[in-house]
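A quick write-up on the structure given underneath.
Read-outs: derived from the displayed coordinates by stated rules, not from any lab. Everything numeric in this text was worked out from a predicted model, so none of it was measured. Please note: Cβ atoms are built from the backbone with ideal geometry, for glycine as well, and neighbour counts cover all protein chains shown.
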Amino acid sequence: MSFARRGDRTVLDRRLFAWPFVLTRTFLLDAVPAHMLTVIVQTSSSAVHGEDRLLQRLHLGQGAAAHVTTQGASPIHRAHPGMIAREAVDITLEPGAFLEYLPEPRILFPGAALEQTIDIDCAPDATMLVSDAFTVHDPGQTGAGFRQLASTLTLRFDGGEPALIDRFDIAHLGRGRFARYTAFGTLVMVAPAPAEKLAQLALDLSAALATVPGLYGAASLLPGDIGIGIRLAGDDLRTIRCGRDLAWIASRRFVCGHEPVSRRKGDDLRR
């Protein structure tokens with residue numbers, strides 16, 4: 001998908017998709033920023049299987065603004081031994097672009113194996129909020145868990161050396177301090193703003209996250225003061241979605257001075 005600024009609005013000037021992805025109409029929902037375009041990426045398969053190889057490319061031209069999300073949480077089903085599902089998301093932001101990439105969480109079934117990468121090439125004055133979240137689900141109550149989840153987010157400015165690499169590779173959730181939690185999320189916000197204002201945003205957001213029952217969350221400055229990172233651990237997907245929405249609202253208010261319009265999905269705080 002390629003987004004371009006046309007006068008006072010953003011348009012989807014190029015779209016190319018194949019099964020299982022489906023793209024329908026776009027939406028202009030926000031008064032601020034009025035040129036932000038919302039796109040819901042759908043999948044006809046509604047799930048990820050062990051042999052799947054999925055690729056998404058998002059390109060935002062100069063001054064374009066887009067909110068990209070998905071229709072619902074995606075189940076990751078069991079992969080046969082020796083197989084692993086792979087998904088790659090490549091994002092390019094030109095000067096002055098603004099992206100909110102907020103896909104719904106993944107649901108890891110017993111035996112699931114997924115390797116995902118998010119590669120971002122960002123202009124120094126572009127703004128973005130990118131999220132990733134997952135939960136575990138054992139419908140048979142057998143105690144079986146997913147086989148593997150590996151995730152890598154890499155951020156570069158103007159094609160240079162990585163300014164941020166965030167990676168984890170886990171085979172189970174363990175029995176330690178966070179064993180009570182079954183859902184987890186990460187958000188990365190990058191914005192051209194003074195470090196002291198970003199630090200205050202992190203403090204305010206951490207305080208807001210602490211008010212959500214069943215959620216353990218915190219925000220802090222990213223390396224080089226390029227933005228803030230948010231970590232979430234929750235009892236279930238509902239609490240993770242609440243934490244994600246708090247971060248989304250705080251980010252939009254910080255960047256635009258105005259809260260976003262509800263997309264009416266999941267446990268949106270404004271429903």
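Here region 1-32 and region 151-216 have alpha carbon centers that stand 27 Å from each other.
Here the scattering of the chain is modelled by Debye summation over its C-alpha atoms, one equal scatterer each and no solvent; at q = 0.08, 0.12 Å⁻¹ the log10 of I(q)/I(0) is -0.31, -0.73. With all pairs of different C-alpha atoms in the average, the Kirkwood value for the hydrodynamic radius of region 141-271 is 16.2 Å. Where does helix 237-256 land angle-wise versus the long Cα axis of the chain, in degrees 0 to 90, nearest 10? In the chain, helix 237-256 runs at an angle near 10 degrees to the longest axis. Using a simple spin-label model with pseudo-atoms 7 Å out from Cα toward Cβ, Asp119 and Ala218 lie 3.3 nm apart.
Net length available on complete extension from Asp90 to Ala150 is 19.9 nm, with 0.36 nm assigned per residue and the Cα-Cα distance removed. Helix 195-209 and the long axis of the chain differ in direction by around 40°, with both axes built from C-alpha atoms. Proximity of backbone amide H atoms, modeled 1.01 Å from N, is registered between Val212 and no other residue at under 5 Å, excluding neighbours fewer than 5 places apart on the same chain. For the Cα trace of region 81-134, dividing Rg by the Kirkwood Rh returns an Rg/Rh value of 1.10.
Between Gln71 and Ala179, the simple spin-label model (points 7 angstrom out along Cα→Cβ) gives 3.9 nm.
Taking the helices alone, the chain has a mean residue ellipticity at 222 nm of -4500 deg cm²/dmol, built from -39,500 (n - 2.57) per DSSP H run of at least 4 residues and averaged over all its residues. Taking the charge dipole of the chain about its Cα centre, with +1 at Lys and Arg Cβ atoms and -1 at Asp and Glu Cβ atoms, the residue from Gln62, Leu149, Val190 reaching farthest to the positive side is Leu149. Using DSSP to call loops (not H, G, I, E or B), can you name the trypsin sites (Lys or Arg not before Pro) in region 89-184 whose Cβ has at most 15 other Cβ atoms within 10 angstrom? Here the sparse-neighbourhood loop sites are Arg175, Arg177, Arg180.
Over all projection directions, the Cα-based convex hull of region 36-83 averages an area of 4.3 nm².
Please report the net charge: other residues with Cβ closer than 12 Å to the Cβ of Val32, K and R +1, D and E -1.
Local charge sum for Val32: 0.
The ranking of Met128, Met189 by Cβ neighbour count inside 10 Å, starting from the fewest, reads Met128, Met189. Relative contact order, whole percent, for region 2-256 stands at 13, derived from Cα pairs under 8 Å and 6 or more residues apart. Between the beta carbons of Ser44 and Leu16, assuming R0 = 22 Å, the FRET efficiency works out to 0.85 to the nearest 0.05. Positive contributions from Lys and Arg (+1) and negative ones from Asp and Glu (-1), summed over other residues with Cβ under 14 Å from the Cβ of Lys197, come out at -2.
The calculated FRET efficiency for the pair Arg25 and Gln141, based on their C-beta separation and a Förster distance of 35 Å, comes to about 0.30.
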